[in-house]
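Step one of this worksheet: look at the structure below.
The values are calculated or read from the model by the stated rules, or taken from the named source; none is laboratory data. No experiment lies behind these values; they were computed from the predicted model shown. FYI the Cβ positions are ideal-geometry reconstructions off the backbone, even for glycines, and counts take in every protein chain you see.
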Amino acid sequence: MNNKISFREVVKTYPMKDTTFNALDRVSLDIADREFVTVVGPSGCGKSTLMGMAAGLVQPTAGEVLVDGVPVTGPGPDRGVIFQQYALFPWLTVRKNVEFGLRLAALPAGERRLRAERAIELVGLSDFADALPKTLSGGMKQRCAIARAYAVNPQVLLMDEPFGALDALTRVQLQDQLLHTWSQEQRTVMFITHDVDEAVYLARRVVVMAARPGRVQTVIEVDLPYPRTEEMRLSAEFGQIRNEVWHSVYHQAAPAA
Amino acid sequence: MSVVTVPEKTSAATAVRRGARRPRAIVLNLVAVAIGLAGWTLLSSVGVQGLPGPVEVAARAGELTLDGTLLQDVLASLRRVLLGFALGTLLAIPVGFLMGWYGTARGLLEPYVQFFRTIPPLAIIPLAIVLMGIGEVPKVFVIFLAAFLSSVVATFQGVVGVDSTLINAARVLGASDRVIFLKVVVPASTPFILVGMRIGLGSAWGTLVAAELIAAQEGLGFRMQQAQLYYDLSTIFVGLIAIGVLGLVMDRLLLLTERRLTGWQERR
Ligand SMILES: Nc1ncnc2c1ncn2[C@@H]1O[C@H](COP(=O)(O)OP(=O)(O)O)[C@@H](O)[C@H]1O
Ligand SMILES: [Mg+2]
């Protein structure tokens, strides 16, 4: 069995005033080991909820999430999570932020420093290792958050619209950097985005979700080889896949009340 | 990397803006003080009944300093306020954390905190005197109460307001509840606690003087009360100015501590 993450008929309902709100309705999805999957869908369709379940931050109402065949019961350092709002500890320097998870893993100081150093270097923040987050630009903050996740060496990366708040140029740079690291370390990546271009550029498969109730609409294979290059974005194949994803996101059949 | 802010530059600029104030502002402040003194002199010389001028007040301050009364009063007042404030804050912080972190503690304590918050600490004085006599205890107690109530609410709100994304970020890195509390909740609520302490100190100071007006053998409030009996306006002014200056100094010291401890905050 080579499924890294399996969502099995997961349901999430939130109690409302006089009814319950169906955030996710029996969603099943398998993500293979070392696969790069992106998830797109209209806002409120349950993308963050789905990822939260894999992270162990959200309990499914029904169904289960398996990671390596084992049901998820809570968060753990085997799954790194990167949030859209960066979520850096503002009172810690870049280095201390990156070392946060390593301290929890009770690594010896030397090893900890080395691993933090490597992670910081990987994201190109070495010159800012001792800077506080408030002095960093948005892109640098997200690099720091990525370094913090990389440092504990998780097998799975869960990324919730990580580049959503960044300017277009920074976003493209971080996409390329992410793919580059992924091609070397081959982690399993589940990446949420609302940017169709980004979804297609990064993924081997794009999962398109629909809202009310939140569910998987389609899964679209991206038949483009890695490494992806900026030229590919302009190719006809890319354009065709992007159109397909776009269509399936924005021309979803009206939900049955 | 594309557009990056250079951190050294940014923080240096912020430090200049916050630390050493611009000379223009200082000049304006001095001008304001000079105008105030001039106005005061004018009022007292054109004969507002019995109003002493700055020179008279300064002379009286000199006398009170030389015979040691002023220092004695200042120390007596400071001792009360610092003791009450320290006790109040020391108790408020753990209680505030308990209320913010445990729903049960919140449910049990909140009615009391909210209720006592609506009673001005001064209103407790009669009760405190009856129960605790007229010594130091009732005064320190009232100050303690004033400081406690401001700090406990601020701490509680700080804990409740901790960004849940930060807590999640710690959890996914493997943090236990204990680690989350110590490494995330405590630092994240520090700014709130310090603001609460500043408010608490202000309210403690105000309560102190009033408490001394009622029953004391020494202290700035007591001295002014005595002076009132003899229509000694100069002494009253000395007392008022001492209270203002000391309050300002203590507030600034806390503000400095706050800046030092919470300099990591993004300021907009
Ligand atoms: N704690 C909650 N209580 C009630 N409703 C919630 C809660 N969290 C999420 N929801 C609702 O569930 C739906 C899915 O949310 P989310 O997973 O954040 O969507 P997405 O990330 O796709 O925008 C939204 O309609 C949201 O309002
Ligand atoms: Mg979301």
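Where helices (runs of 4 or more DSSP H) fall entirely within region B:104-189, those with at least 2 residues that are more than 24 Å from the chain's Cα centre (by Cα) are at B:125-132, B:164-172, B:177-180.
Scanning region A:49-59 for residues that are over 14 Å from the mean Cα position of the chain (by Cα), more than 25 Å from residue A:199 (Cα to Cα) and either surrounded by fewer than 21 Cβ atoms within 10 Å (Cβ to Cβ) or within 9 Å of ligand 1 (Cβ to nearest atom) (or both) turns up at least one hit.
Looking only at region A:92-136, which residues are at the interface with chain B (Cβ under 7 Å from one of its Cβ atoms) and without any contact (Cβ under 8 Å) to a residue 12 or more places away in the chain? Across region A:92-136, the qualifying residue is only A:135. Looking only at region B:196-205, decide whether some residue is among the basic types (Lys, Arg) and either part of a loop (DSSP other than H, G, I, E, B) or farther than 18 Å from residue A:87 by Cβ (or both). Yes, region B:196-205 contains a residue that is among the basic types (Lys, Arg) and either part of a loop (DSSP other than H, G, I, E, B) or farther than 18 Å from residue A:87 by Cβ (or both).
If you go through region A:180-204 and keep only what is more than 16 Å from ligand 1 (Cβ to nearest atom), surrounded by fewer than 18 Cβ atoms within 10 Å (Cβ to Cβ) and not acidic (Asp, Glu), you end up with A:180, A:181, A:183, A:184, A:186, A:204. Pairing each residue of region A:19-30 that is assigned by TED's automatic domain parsing to the domain that holds residue A:60 and of a type in the set (S, T, N, Q) with any residue that is part of a strand (DSSP E or B) and surrounded by fewer than 18 Cβ atoms within 10 Å (Cβ to Cβ), provided the two are 6+ apart or on different chains, yields C-beta distances under 7 Å for A:20/A:13; A:20/A:14; A:22/A:13; A:28/A:8; A:28/A:9. Checking the stated criteria, residue B:245 turns out to be within 24 Å of the chain's Cα centre (by Cα) and not hydroxyl-bearing (Ser, Thr, Tyr). Of the residues in region B:162-170, at least one is in contact with a strand residue (DSSP E or B) (Cβ under 9 Å, 6 or more places away or on another chain), under 30 Å from residue A:152 (Cβ atoms) and crowded, with 17+ Cβ neighbours inside 10 Å. Scanning for something of a type in the set (D, E, K, R) and at the interface with chain B (Cβ under 10 Å from one of its Cβ atoms), does region A:78-86 turn up at least one residue? Scanning region A:78-86 turns up at least one residue that is of a type in the set (D, E, K, R) and at the interface with chain B (Cβ under 10 Å from one of its Cβ atoms). Is it the case that residue A:29 is away from ligand 2 (no atom under 16 Å from the Cβ) and either crowded, with 19+ Cβ neighbours inside 10 Å or under 15 Å from the mean Cα position of the chain (by Cα) (or both)? Yes, satisfied.
From the list A:131, A:119, A:151, the lone residue that is over 26 Å from residue A:41 (Cβ atoms), in contact with a helix residue (DSSP H, G or I) (Cβ under 6 Å, 6 or more places away or on another chain), at pLDDT 95 or above and among the aliphatic types (A, V, I, L, M) is A:131.
Conditions tested, residue by residue: (1) of a type outside the set (S, T, N, Q); (2) in a helix (DSSP H, G or I); (3) crowded, with 18+ Cβ neighbours inside 10 Å.
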position: B:227; (1), (2), (3): yes, yes, yes
position: B:239; (1), (2), (3): yes, yes, yes
position: B:245; (1), (2), (3): yes, yes, no
position: B:258; (1), (2), (3): yes, yes, yes
position: B:266; (1), (2), (3): yes, no, no
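Using the structure shown, decide if residue B:167 is at pLDDT below 90 and in the same structural domain as residue B:192 (by TED's automatic domain parsing). No; evaluated as a whole, the condition is false for this residue. For region B:20-74, a residue qualifies if it is within 22 Å of residue B:218 (Cβ to Cβ) and acidic (Asp, Glu), and the qualifying residues are B:63, B:67, B:73.
In the set A:65, A:98, A:37, A:81, only one residue is more than 12 Å from ligand 1 (Cβ to nearest atom), crowded, with 21+ Cβ neighbours inside 10 Å and not in a strand (DSSP E or B); that residue is A:98.
Just to be sure, is residue B:211 small (Gly, Ala, Ser) and at pLDDT 90 or above? No, not satisfied. Hey, among the residues in region A:151-166 that are surrounded by fewer than 20 Cβ atoms within 10 Å (Cβ to Cβ) and within 16 Å of ligand 1 (Cβ to nearest atom), which one's farthest from the chain's Cα centre (by Cα)? Checking each candidate, the answer is A:165. Residues in region A:38-74 that are within 16 Å of ligand 2 (Cβ to nearest atom), hydrophobic (A, V, I, L, M, F, W, C) and more than 14 Å from chain B (Cβ to nearest Cβ): A:39, A:40, A:45, A:50.
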